[in-house]
Amino acid sequence: MSHIIIDGYNLIGIQHGDLKKARTHLITRLINYRKLKGHDITVVFDGHGGMHSQATRQTRGGVVIVFSPIGKRADDLIKELILKERGQPIVISSDRDIERFAWSHGAIPVGSELFYARLFDEEDESSEHYEIKPAGRLSRKERAVIRALNKL
């Protein structure tokens, strides 16, 4: 199974509405997704009310939830997680800086829109999962993203 590192607010940004409600809904979806797929999932959010000098960490339903501390962005924590990872994590973010960092350190970035569609598709039991197959010759990075999506 893969380790999926998620830029939480980047993924939530696809939705509109109450941020706390959206965050709770996302975490619930990730817990269910983890049960279905068995992936290790870490979701990182910017600060928990800006009150903590260290990152706060909790686990719900096997999903690790991390909030950045005062003066540190979620992006910084995501980069630290990528550097600590021994395998090849899948990093969910549409932030170009995170994408570049992931590529340069052996991780596979997948855009938030693609993962969001996969996340909500997986819970719909009536939907069928089709493996993505490229039509023509793709770049090394494009092939890596397709392999990562097929793992999800």
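Taking K72 as the anchor, which lysines have their alpha carbon closer than 18 Å to its alpha carbon, excluding any fewer than eight residues away along the same chain?
Straight-distance partners of K72: K84.
Sort 21-32, 102-113 by packing, meaning the average of other beta carbons within 10 Å per residue, with the highest value first.
Going by the mean number of other Cβ atoms within 10 Å, highest first, we get 102-113, 21-32.
With r defined as the distance between the Cβ atoms of T56 and R86 and R0 fixed at 22 Å, what FRET efficiency is calculated, to the nearest 0.05?
So, using R0 = 22 Å, E works out to roughly 0.35.
Could you work out the local net charge near I98, counting Lys and Arg as +1, Asp and Glu as -1, over the other residues with Cβ closer than 15 Å to its Cβ?
Here the charged neighbours net out to -4.
Once amide H atoms are built 1.01 Å from N in the peptide plane, which residues 5 or more positions from S94, or in another chain, come under 5 Å H to H?
Under 5 Å from the amide H of S94 lie the amide H atoms of S112, each far enough along the sequence or on another chain.
At 0.36 nm per residue, and after removing the present C-alpha to C-alpha distance, how many nm does the segment from R96 to E113 gain when stretched out fully?
Residue separation times 0.36 nm, minus the Cα-Cα distance, leaves 4.8 nm.
Once you list every other residue whose beta carbon is under 15 Å from the beta carbon of K141, what net charge do they have if Lys and Arg are +1 and Asp and Glu are -1?
Around K141, the charge tally is +4.
Set the Förster distance to 30 Å, then compute FRET efficiency between K37 and R143 from the Cβ-Cβ distance, nearest 0.05.
0.90
Tell me, what HN-Hα J-couplings in whole Hz come from the Karplus equation 6.51 cos²θ - 1.76 cosθ + 1.60 at θ = phi - 60° for each residue of the stretch 138-152, using x for Gly and Pro?
10, 5, 4, 5, 4, 5, 5, 5, 5, 4, 5, 4, 5, 6, 6
Please list, in chain and number order, the residues 5+ apart from I41 or on another chain whose amide H is under 5 Å from its amide H, with Hs placed from the backbone.
I4, V64
Go through the stretch 95-112 residue by residue and turn each phi into a ³J(HN,Hα) via Karplus (6.51, -1.76, 1.60, θ = phi - 60°); whole Hz please, and just put x for glycine and proline.
Computed from phi, the couplings for the stretch 95-112 are 6, 4, 5, 5, 4, 4, 4, 4, 4, 6, 10, x, 9, 10, x, 10, x, 4 Hz.
Each reported figure results from applying straightforward, stated rules to the coordinates on display, with no laboratory input. The structure displayed is predicted, hence computed values, not measured ones. Neighbour counts are summed over all protein chains in view; Cβ atoms, including those assigned to glycine, are modelled from backbone coordinates with ideal geometry.
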